[in-house]
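Notes to accompany the following structure.
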Amino acid sequence: MSRIAIIGAGLAGLTALQSLRAQGHSVTVFDKSRGSGGRMATKKLGDASWDMGAQFMRAHSEAFTRQLQQWQKAGLISEWPVQPGMVDMQGDAVIAPSADQVTRYVGMPRMTGLSRALLGAANQFVPSVRIVRASYDNGWQLWDDQNNEYGPFDGLIINTPPQQAIPLLSAASQLISLCEQVDMLPCWSLLLTFPEPLQCLPDAVFVHNSPISWMARNSSKPGRNQQQEAWVIHASHEWSRQQVDSARDSVQQLLFNAFNDLLQHQPSATQLHPDNQWLHRWLYAIPANPLDSGFLHDDNTPLALCGDWCHSGSLEGAWLSGSKAADWMHQFLPQ
Ligand SMILES: Cc1cc2nc3c(=O)[nH]c(=O)nc-3n(C[C@H](O)[C@H](O)[C@H](O)COP(=O)(O)OP(=O)(O)OC[C@H]3O[C@@H](n4cnc5c(N)ncnc54)[C@H](O)[C@@H]3O)c2cc1C
């Protein structure tokens with residue numbers, strides 16, 4: 001049995017965790033957040049709750065299709081039978097049905113319900129700790145930003161966005177240039193609740209030629225509080241990049257205005273009076289140009305990197321990347 005550290009409790013890290021535990025290794029997971037899930041985050045504000053990052057999962061590969069079936073059987077995810085509409089704000093701006101045939105799944109009773117269940121496999125979870133340095137000398141030692149030391153570990157898996165992995169790569173600096181190649185796009189997310197249902201809107205809409213690219217009635221997902229009219233509004237990556245350093249108040253107002261504008265173009269539109277609002281900036285939302293290697297590893301030390309940016313920008317990409325990193329680590333470490 002080897003002792004392995006995973007930095008980052010996103011879906012890629014949690015997938016590596018499942019595989020390494022199944023092979024009998026002891027695994028400690030670190031995350032700078034209080035909980036797990038990374039970009040499949042849930043935001044809570046009083047009674048309100050929204051999936052503020054990843055909205056749903058879908059499968060392209062057979063392997064992930066099988067995984068989704070297992071999670072569904074275990075009650076960790078459910079199908080979200082949504083038929084998104086689409087609207088072009090430079091056209092007639094009226095929402096039309098889309099020809100979308102995608103089967104979508106969501107974590108139960110929120111996206112982080114899945115990550116929390118997966119995290120249960122860890123021997124130890126160390127939350128609210130930002131690892132800032134890693135060094136290798138017959139074992140990995142890690143340091144957090146308070147200079148606390150952790151280790152030794154036989155193997156290390158880094159599951160952070162590439163920009164956040166770079167400071168951890170002093171023992172494998174040849175991997176830094178690969179991390180630097182990946183352009184992570186930002187995304188501003190506006191979360192709203194309303195006292196009354198917005199009846200003129202379908203449960204999800206793809207939006208074109210607007211600051212907004214996606215909006216969804218969070219409360220239409222299975223397991224969520226159906227009494228609450230909760231909306232998630234994601235800005236487009238282009239717009240988010242233009243506004244990446246703008247003041248929060250200004251971004252919030254601009255996105256709210258874009259939402260209101262869209263709503264007022266629909267038949268039987270109502271006035272918008274939100275009772276909760278929250279704005280979140282995802283600085284590293286999605287890779288524009290993910291690597292095609294699946295994961296990265298060092299040739300000399302038991303070090304692997306995984307994440308959507310090594311494969312493809314989705315939960316499926318993160319899952320596939322985490323699986324590959326764990327397979328490599330298991331082969332590399334002495335049995
Ligand atoms: C707004 C938005 C909408 C999206 N919508 C969808 C969607 O509908 N469907 C879909 O499939 N995908 C979607 N995605 C993409 C999906 O969320 C990601 O592809 C996936 O969650 C990435 O998982 P990951 O494990 O690679 O990384 P992450 O989830 O980013 O996990 C990395 C973890 O590392 C931690 N960390 C970072 N640095 C450190 C450090 N120094 N020390 C300790 N911990 C650290 C972070 O806190 C985080 O928990 C969306 C993403 C965003 C942002």
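Derivation of every value follows stated rules applied to the coordinates shown; laboratory data play no part. What you are looking at is a predicted structure, and each value in this text was computed from that prediction instead of being measured. When we count neighbours, we look across all protein chains shown, and the Cβ atoms used for this are built from the backbone with ideal geometry, even at glycine.
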Give me D for the chain in µm² s⁻¹, whole number, from Stokes-Einstein with Rh from the Kirkwood sum over alpha-carbon pairs, 20 °C and 1.002 mPa s. 103 µm²/s
Springs between alpha-carbon pairs under 10 angstrom, Gaussian network model over the chain: which of Asn257, Asn289, Asn218 fluctuates most? Asn257
The range 207-221 - phi-based ³J(HN,Hα) in whole Hz, Karplus 6.51/-1.76/1.60, Gly and Pro as x: 10, 10, 6, 8, x, 8, 10, 8, 9, 8, 7, 4, 6, 7, 7
If you count the DSSP beta bridges with both ends in the range 3-332, what percent of them are antiparallel, to the nearest 5? 70 percent
Using θ = phi - 60° and Karplus 6.51 cos²θ - 1.76 cosθ + 1.60, couplings along the range 188-193 (whole Hz; Gly, Pro as x): 8, 10, 10, 10, 9, 10
Largest first and rounded to whole Å, the semi-axes √(5λ) derived from the alpha carbon gyration tensor of the range 1-81 read 24, 20, 10
Report, in debye and to the nearest 20, how large the dipole of the range 212-273 comes out about its Cα centre when Lys and Arg carry +1 and Asp and Glu carry -1 on their Cβ. 280 debye
For the chain, what does the relative contact order come out to in percent, with C-alpha contacts under 8 Å and a separation of six or more? 23 percent
Scan the range 1-34 for trypsin sites (Lys or Arg not before Pro) in coil per DSSP, keeping those whose Cβ has at most 10 other Cβ atoms within 10 Å, and list them by number. Arg34
Among Met86, His60, Ala134, whose Cα projects farthest towards the positive end of the dipole of the range 1-147, with charges put on the beta-carbon of Lys, Arg (+1) and Asp, Glu (-1)? Ala134
Pick out which of Leu296, Leu175, Leu118 has the largest mean-square fluctuation in a Gaussian network model of the chain, springs linking Cα atoms closer than 10 Å. Leu175
Are any of the pairs Lys32/Lys73; Lys32/Lys324; Lys44/Lys221; Lys44/Lys324; Lys43/Lys324 more than 26 Å apart by Cα-Cα distance, and if so, which? Lys32/Lys73; Lys44/Lys324; Lys43/Lys324
